[in-house]
Amino acid sequence: MIDALGRRGNLPAETSTFMGRDEDLAEVGRLLQEESLVTLTGVAGVGKTRLALKAAGELSGGAWLAELSGERNGALLAHTIGAAIGLPEQAARPQGDVLAEHLADRRMLLILDTCEHLLSPCRELVGQILRAAPGVRVLATSRQPLGLPGERVHTVRPLPVTAEDCDAVRLFRDRARAVCPGFEPSDAVVRLCRRLDGVPLALELAAGRLRALTAGELLDHMDDRFSLLAGRGRTGRHRTLRTAVGWSHELCTPEERLLWARLSVFAGTFDAAAAADVCADERLRGVPGLLSRLADKSVLIRHGQRFRMLGMMRDYGREWLRAIDEERAVVRRHREHSLALRRGMRHPGRRVCGDPARRPESSRPHPGPGH
Ligand SMILES: Nc1ncnc2c1ncn2[C@@H]1O[C@H](COP(=O)(O)OP(=O)(O)OP(=O)(O)O)[C@@H](O)[C@H]1O
Ligand SMILES: [Mg+2]
């Protein structure tokens, strides 16, 4: 597609080196050949947008990017996408119809970047576009799948942290060299990357702190990762790790937030029975369903029948647990659960907070600690 300005696409130029992801790129390319809607999901800052842009850049034909994070009004979605692809406004007709008609005989890739807060309008509009425009492919990035029939979902995982020459450490080294020329990763860097779970955003923010701190010092202070990983001088929506994770928190219901907070006492993987044993009470019922919803929202990572939370999600939940004054009770319950498991008997579900009069803020919408 060529717009009024003669452009065949509007992808931004890369401004930093891209690391790894060969298998993801091959898989996304394959999925885009098979289906007209592919969604990249994954936790905050894991690299969905970066991967989508890279994958689009490797395809032949025009690719257009519509950035949706700044659009909070679903009713304006078609206008935002239209503006991104250079489509003039037509006040007389619904913009969704205008957009679908405009795209009807085009061949192009449309990247819808950051859809999780507009799932329902995205679902509706993408459905309309794909029905009208058989030559259009949509590549969406979203912490949660859109939920359209035929959608192919590819989960973007953190970069694996194995040794000094793995992609995560190479990313850290590359960003570190921008502030400390000649920087060479040490053992502490590998441990730091592992502590940051190989999440590219966290790696970049940590590398940016090397101006003031050594990798060892960063590692020592990782308990306070949200204070440390606030990117001074960064622009755009990824200035701090707290806001990146807090965005997921904002999109959770009160029950999901409460479960997220309580699950923060699990250090490794856990199954639904363990989660219910430790977290369920009269205020939090239906834990298995809530676990699935948290996994759909990329707050939890699925491992078969088990679940896991990355360190940054766990720390955020733990802050929240402290803020609602449940930390001691849930830690105790987790300890009792572990002891009962070791003795070979599963612990019967018990209440975290026996006194409903102490109903804390967690059951109400709240912007989250530090917001
Ligand atoms: N493979 C990679 N190589 C180099 N840098 C990367 C890679 N993946 C991600 N990054 C960098 O990490 C940061 C976060 O990546 P990105 O914005 O793609 O995350 P995201 O998953 O889209 O986050 P969000 O859920 O908040 O939208 C960006 O600065 C990006 O350039
Ligand atoms: Mg993104």
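The values are calculated or read from the model by the stated rules, or taken from the named source; none is laboratory data. Computed from a predicted model, the values in this text were never measured in an experiment. Methodologically, a virtual Cβ is constructed for each residue, glycine included, from the backbone with ideal geometry; neighbour enumeration extends over all protein chains shown. Calculation scope for accessible area: heavy atoms of the full protein, side chains included, ligands and nucleic acids excluded. Shrake-Rupley method; radii C 1.70, N 1.55, O 1.52, S 1.80 Å.
Write down the accessible area per residue of region 167-242 in Å², having rolled a 1.4 Å probe over the full set of protein chains. Each residue of region 167-242 exposes 46 Å² on average to a 1.4 Å probe. Restricted to Cα atoms, the chain shows a radius of gyration and a Dmax of 22.2, 72 angstrom.
For region 167-242, rounded, prolate or oblate, judged on the Cα gyration tensor with a ≥ b ≥ c (square roots of eigenvalues), a/c < 1.5 rounded, else prolate if a/b > b/c? Intermediate results must be reported in sequence, preceding the final value.
Details: a/c = 1.41, a/b = 1.18, b/c = 1.20.
Rounded.
Note that region 53-140 shows a convex hull volume over its alpha carbon atoms of 86 Å³ per residue. Residue separation of D325 and R211 scaled by 0.36 nm, minus their Cα-Cα distance, works out to 37.4 nm of gained length.
For region 1-116, the square roots of the Cα gyration tensor eigenvalues, ordered a ≥ b ≥ c, give a/c of at least 1.5 with a/b greater than b/c, which places it in the prolate category. Surface composition of region 167-242: carbon and sulfur atoms hold 46% of the protein heavy-atom accessible area at a 1.4 Å probe.
When only Cα pairs below 8 angstrom with a gap of at least 6 residues are kept, region 163-242 shows a relative contact order of 28 percent. Amide H to amide H, with H built 1.01 Å from N, V138 comes under 5 Å of L37, V38, L110, counting only residues 5 or more places away or on other chains. Here the calculated FRET efficiency for T162 and T253, from their Cβ-Cβ distance with R0 = 22 Å, stands at 0.05, rounded to the nearest 0.05.
Coupling constants for region 145-158 follow from the phi torsions by the Karplus curve (6.51 cos²θ - 1.76 cosθ + 1.60, θ = phi - 60°), and in residue order they are x, 5, x, 9, x, x, 5, 9, 9, 10, 8, 8, 9, x Hz; glycine and proline get x.
Under the 0.36 nm per residue contour assumption, what length would be gained going from the current alpha-carbon distance of V179 and E14 to full extension? Spell out each step's value before the answer.
Working: separation 165, 0.36 × 165 = 59.40 nm, distance 1.91 nm.
Stretched fully, the V179-E14 segment lengthens by 57.5 nm.
Starting from the Cα-Cα distance between R30 and E336, subtract it from 0.36 nm times their residue separation and give me the gain in nm to one decimal. Can you show the working numbers first?
Working: separation 306, 0.36 × 306 = 110.16 nm, distance 4.78 nm.
Net length gain for the segment: 105.4 nm.
Packing, taken as the mean count of other beta carbons within 10 Å per residue, orders the peptides 66-72, 116-122 from highest to lowest as 116-122, 66-72.
Against the chain, whose longest principal axis comes from its Cα atoms, helix 254-263 is set at around 50 degrees.
Determine the calculated [θ] at 222 nm for the chain from helices alone, applying -39500 (n - 2.57) to every DSSP H run no shorter than 4 residues and normalising by the residue count; nearest 500 deg cm²/dmol.
Values: 16 runs with 162 residues, N = 371.
Here the helix-only value at 222 nm equals -13000 deg cm²/dmol.
Considering only the other residues whose Cβ falls under 15 Å of the Cβ of F18, what net charge follows from Lys and Arg at +1 and Asp and Glu at -1?
Numbers: positive: R21, K48, R50, K54, R170, R173, R175; negative: E14, D22, E23, D24, E58, D167, D174, E204.
With Lys, Arg at +1 and Asp, Glu at -1, the neighbours total -1.
Comparing I111, V153, L68 along the charge dipole axis of region 22-155, the residue lying farthest to the positive side is L68, per the Cβ-charge model.
Computed on the chain, with alpha-carbon pairs under 8 angstrom and 6+ residues apart, the relative contact order is 15 percent. Name the residues of region 282-310 whose amide N is less than 18 Å from a point 7 angstrom out from the Cα of A273 along the C-beta direction? In region 282-310, the label zone of A273 (backbone N under 18 Å from the point 7 Å along Cα→Cβ) covers 286-289, 291-292, 303-308.
Between the Cα long axis of helix 287-296 and the first principal axis of the chain there is an angle of about 40°, rounded to the nearest 10. Close amide H contacts of H154 (hydrogens built in the peptide plane, cut-off under 5 Å, sequence separation of 5 or more or a different chain): T39, L40, T41. May I ask for the angle, rounded to the nearest 10°, between helix 119-132 and the longest principal axis of the chain, with both axes built from Cα atoms and the value confined to 0 to 90°? With rounding to tens, the tilt is 30 degrees.
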